[in-house]
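First up is the structure itself, then whatever we jot down about it.
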Amino acid sequence: MDWITGLQRAIDYVEEHITEEVDYEEAAKRAYSSSFHFQRVFAVICGFTLGEYIRCRRLSLAAKALIESDAKVIDIALQYGYDAPESFSRAFTKFHGISPSQARCGASVKSFSRLCVKLSLHGGTTMDYRIEKKEAFDIVVRKKNFAKPGEQTGKEIPAFWGECHADGTIRELIGYIPKEDVFGLMGISRYDMEAPDFCYGIGVSYAGGEIADKTLCIERIPAHTYVVFKCVGKMPQAFQELYRYICTEFFPTSTYMPCGVEIEAYPSDDVQNPDYTCELWIAVEKKTVM
C-alpha cells in the first residue's frame, strides 16, 4: 500500500472518531506505519501535528454545532473533548477570535476543513545522497527523553540545545572530538517505533578517556547502514526542507525505510550562515513487502 492511500485511510479513521478519544496507534495502523513514523511524517507533510489537526477540526465542528443547533454550550464542549465550559471557551476564543456566545449570536467563525489527500505529481528533484555502512561506535553524550513527535517537540529540542550552550556542555563536548572524525558535533535521535517517547542526545564520537561531567554518559551506536544527505542553508529552515523532501519523495520511492537512529552532523555552530553545510545520517533497513 502506498503512502497516499495509507494517509487517507488514517485521516478517515480520525474523522470517524473525531468526537471520541482518537487512538494514534490505530490511526497509524491504517497507514501501515508505526505510530512514531506516522506522526512525524504527518507533521512534515501537513505542516501541523496530528494533535493540532484534531483540535482544530473539533473547534471548527463545535462552532458549526453552536450556530446550527440549540444544544447547550456545556454539551457541545463535552461532545468535542472539553471537560469544562471554561477550558472550551478559552480554546474556542483562541481559535476563532470570538467567544462561544458571540458565535451563537451570529459572529463570524473560522472553518478548518477536513483533510483530503489528492494525487499530485512530485519528483524531478535532484538530491545527492550516499549509502554508508558504519560499524558500531561509541559516543559521549548528554541525552534527554522527549514525547513522540508533537506540538512541543519542535520547541523543546532547540531549547535543549540552548541549555547545553548556556551551561558549557557544548564547549566541553567539542573537546572530546577525535582528530579523525566524520561527524563533528551531533544531534542523535534514537527511538523504538513502539515506545511512548524517544531519546535525543547532543554528543560527539568518543575515543576514550575520563569523563568528568556527570551529566554526560558513554553509549554505543550499533552497526547500521545509513543513507546520508547533505543539507545546505540557514538552520533550522534548511533542515526542515530537507526532511520534507526525505519524507515525501525519497522514502516513498526507496527500497529503504528508517530503523531507529538519526544523526545530525554539525561541523560548526555557524548555523545562521545561508551557506552552512551539514549532514543528516538516517539508519535504514530494507523494506518488507506487505
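When segment 153-176 is examined, which residues are found to be surrounded by fewer than 18 Cβ atoms within 10 Å (Cβ to Cβ) and part of a loop (DSSP other than H, G, I, E, B)? Of everything in segment 153-176, those that are surrounded by fewer than 18 Cβ atoms within 10 Å (Cβ to Cβ) and part of a loop (DSSP other than H, G, I, E, B) turn out to be ASP167, GLY168, GLY175. Look at (1) touching a residue at least 60 places away in the same chain (Cβ under 8 Å); (2) among the polar types (S, T, N, Q); (3) within 30 Å of TYR24 (Cα to Cα) and you find that SER254 fails only one, number (1).
Evaluate segment 4-23: report whether one residue or more is surrounded by fewer than 18 Cβ atoms within 10 Å (Cβ to Cβ), in a helix (DSSP H, G or I) and of a type in the set (A, V, I, L, M, F, W, C). Yes, there is a match, as at least one residue in segment 4-23 is surrounded by fewer than 18 Cβ atoms within 10 Å (Cβ to Cβ), in a helix (DSSP H, G or I) and of a type in the set (A, V, I, L, M, F, W, C). In summary, strands (runs of 3 or more DSSP E) completely within segment 208-290 and bearing 3 or more residues that are surrounded by 19 or more Cβ atoms within 10 Å (Cβ to Cβ) occur at 224-232, 256-266, 277-286. Whether any residue in segment 154-174 is out of contact with any Lys or Arg (no Cβ under 6 Å at 6 or more places or on another chain), over 20 Å from ALA238 (Cα atoms) and modelled with pLDDT under 90 is what I want to check. The answer is no; no qualifying residue exists. Filtering ALA63, ALA43 for residues that are in contact with a Lys or Arg (Cβ under 8 Å, 6 or more places away or on another chain) and either not in a loop (DSSP other than H, G, I, E, B) or not assigned by TED's automatic domain parsing to the domain that holds PHE251 (or both) leaves a single hit, ALA63.
Taken over segment 222-248, the criterion of being within 14 Å of ILE263 (Cα to Cα) and of a type in the set (D, E, K, R) is satisfied by LYS230 alone.
Looking at PHE95, PHE88, just one residue is part of a helix (DSSP H, G or I) and surrounded by fewer than 21 Cβ atoms within 10 Å (Cβ to Cβ), and that residue is PHE95.
Filtering segment 66-80 to residues that are within 16 Å of SER108 (Cβ to Cβ) and assigned to a loop (DSSP other than H, G, I, E, B) leaves nothing. Would you mind finding the one in ILE18, ILE4 that is over 16 Å from the mean Cα position of the chain (by Cα) and modelled with pLDDT under 85? Only one candidate passes the filter, namely ILE4. Exactly one residue out of PRO222, PRO236 is closer than 18 Å to VAL44 by Cα, out of contact with any strand residue (DSSP E or B) (no Cβ under 7 Å at 6 or more places or on another chain) and not basic (Lys, Arg), and it is PRO236. Quick check on ASP83: is it more than 30 Å from THR5 (Cα to Cα), among the charged types (D, E, K, R) and part of a helix (DSSP H, G or I)? Considered against the rule, which asks whether it is more than 30 Å from THR5 (Cα to Cα), among the charged types (D, E, K, R) and part of a helix (DSSP H, G or I), ASP83 comes out as no.
The values are calculated or read from the model by the stated rules, or taken from the named source; none is laboratory data. Being a predicted model, the structure only gives us computed values, none of them experimental. Note: ideal-geometry Cβ built from the backbone for every residue, glycine included; neighbour counts use all protein chains shown.
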